[in-house]
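Engineer: Handing you this structure, nothing more for now.
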Amino acid sequence: MAHHKSTIKSIRQSKKRYTRNKFYRTRLKNSIKAAKDAINGENVEPAYAGDLLKKAVSVVNRISSKGIIPKGRAGRITSRLNLMFNKLRSKSEVSAEKGGDGAKHNS
């Protein structure tokens, strides 16, 4: 056990920071997981996935601004989520075009 007042205070502060950062990291992880599940899920509307993507990006940026994760990591997470979402959106647009054009070509 520490004997100096400054060391005791330092230990107390680090415990407080650890619990606060753990809360934010858990929130970050859950929001990213929800967005990824919505994007990669079956029969998902792009509007719903986009909504979860906006929330996840907001959480990532907020946690980055607090200094809990580095800005580079936040940018990387945001970029990868956006790439996944854009693939989903382009895939849904292509399938909608194929479904709509099929009736025109048969007549």
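The values are calculated or read from the model by the stated rules, or taken from the named source; none is laboratory data. None of these values were measured; they are calculated from a predicted model. Glycine also receives a Cβ, built like all others from the backbone with ideal geometry; neighbour counts cover every protein chain displayed.
Engineer: Would a scan of the stretch 44-63 turn up a residue that is among the polar types (S, T, N, Q) and within 13 Å of the chain's Cα centre (by Cα)?
Structural biologist: yes
Engineer: For residues that are touching a Lys or Arg at 6+ places or on another chain (Cβ under 7 Å) and loosely packed, with under 11 Cβ neighbours inside 10 Å, tally how many sit in the stretch 12-35.
Structural biologist: Total satisfying the criteria: 0.
Engineer: Can you spot a residue in the stretch 47-66 that is modelled with pLDDT under 95, among the polar types (S, T, N, Q) and either touching a helix residue (DSSP H, G or I) at 6+ places or on another chain (Cβ under 6 Å) or within 30 Å of K91 (Cβ to Cβ) (or both)?
Structural biologist: no
This table checks each residue for (1) part of a helix (DSSP H, G or I); (2) small (G, A, S); (3) free of Cβ contacts under 8 Å to residues at least 24 places away in the same chain.
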position	(1), (2), (3)
R17	yes, no, yes
R20	yes, no, yes
T26	yes, no, yes
S31	yes, yes, no
A34	yes, yes, yes
G50	yes, yes, no
K55	yes, no, no
G72	yes, yes, yes
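Engineer: Tell me which residues, restricted to the stretch 69-86, are surrounded by 19 or more Cβ atoms within 10 Å (Cβ to Cβ) and modelled with pLDDT of 95 or more.
Structural biologist: Correct list: A74, I77, L81.
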